[in-house]
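These notes are about the structure you will find just below.
Rule-based calculations on the coordinates, nothing more; no lab input. Values in this document were obtained by computation on a predicted structure and should not be read as measured data. In this analysis, Cβ positions are derived from the backbone assuming ideal geometry, glycine residues included, and neighbour counts consider all displayed protein chains.
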Amino acid sequence: MVSDTLARKTDGNWGHGLDASTGARVTIERAVLERNRAVGILALLDGTVLMATDLVVSDTLSQDSDGRDGDAVIILGGASAEIARARMLDNRGYAIRAFGTDTTVAAADIVVERTAEQACVVDTCSHAPGGLGLASEGGGTLDVRRFRSANNALVGVLVASGSELDLHEGVVSGNRIGANIQIDGFDRARLQDRVIYVDNGVNTDTTQFELPEPPDVNLEHP
């Protein structure tokens with residue numbers, strides 16, 4: 001268990017549950033990460049590999065400094081991840097986000113629920129508050145099998161900016177938008193392989209709205 005990690009006192013930033021970067025290979029089994037700051041799990045940069053099984057990431061809090069983030073799992077900058085038998089509950093911003101060219105995420109037996117908006121301080125992120133369940137952006141690739149993405153503040157599943165998203169055997173329910181597709185000509189059948197959309201405000205749409213900025217992959221760790 002990794003819980004209640006505090007932000008850095010000097011500036012109110014950091015406080016992540018687990019970071020893996022610059023070619024690290026990390027395996028997590030039977031783990032709970034809860035009430036950490038900014039990001040529950042962050043994997044970034046080419047060659048970094050995350051293997052996570054029997055995982056719960058919940059109640060991730062926004063940054064003390066400005067109320068941004070609060071994401072459960074972020075994979076970006078060319079990292080790869082395999083996630084199985086996982087629950088992402090009551091986080092902020094994103095539940096699972098694959099971002100960046102050569103970033104790949106394969107997830108199976110996943111539950112994503114109640115992803116809230118970021119806790120923006122004053123106006124730091126009100127233009128892109130988040131509240132997204134499963135998302136592939138910036139050229140990333142995300143494949144999800146046997147899943148539920150429910151009751152997220154904005155979107156159940158999202159694909160944007162030249163990315164790939166494939167869904168199989170799942171339920172997308174209770175979201176303001178079930179599937180948001182921000183790529184012209186994207187084959188919607190890729191999001192419909194035995195996937196049920198029910199009780200969303202709208203099941204699918206193509207609205208081009210602004211998305212939260214990803215973490216800076218060049219940012220030095222404390």
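Placing unit charges on each Cβ (+1 for Lys and Arg, -1 for Asp and Glu) gives the chain a dipole about its Cα centre, and among N91, L165, G12 the Cα reaching farthest toward its positive end belongs to N91. Taking the Cα centre of the stretch 24-205 as origin and assigning +1 to Lys and Arg Cβ atoms and -1 to Asp and Glu Cβ atoms, the resulting dipole is close to 360 debye. Net charge of the neighbourhood of A84, taken over other residues with C-beta under 13 Å away and scored Lys/Arg +1, Asp/Glu -1, is 0. The string of couplings for the stretch 172-181 from the Karplus curve (6.51, -1.76, 1.60, θ = phi - 60°) is 10, 8, x, 9, 4, 10, x, 10, 9, 10 Hz, one whole number per residue in order, with x for Gly and Pro. Farthest towards the positive end of the charge dipole of the chain, among the residues V73, F147, V105, is the Cα of F147, using unit charges on the Cβ of Lys, Arg, Asp and Glu.
For the listed peptides 17-29, 41-53, a ranking on the average number of other beta carbons within 10 Å per residue, highest first, reads 41-53, 17-29.
Using the average count of surrounding beta-carbon atoms within 10 Å as a protection proxy, the listed peptides 154-163, 108-117 rank, highest first, as 154-163, 108-117.
From the Kirkwood radius over Cα pairs of the stretch 111-212, Stokes-Einstein at 20 °C and 1.002 mPa s returns a whole-number translational diffusion coefficient of 159 µm²/s. For the stretch 64-77, the Karplus equation 6.51 cos²θ - 1.76 cosθ + 1.60, evaluated at θ = phi - 60°, returns couplings of 4, 5, 8, x, 7, 6, x, 6, 7, 9, 10, 10, 7, x Hz by residue, with Gly and Pro reported as x. Given that just one value was derived from the coordinates, which of (i) 1.12; (ii) 0.92; (iii) 1.18 is Cα Rg over 2.2 N^0.38 Å? Read-out from the structure maps to (ii). With 17 Å as the cut-off, how large is the P(r) tail for the stretch 22-120, expressed as percent of Cα-Cα pairs? So the pairs more than 17 Å apart make up 47 percent of the total in the stretch 22-120.
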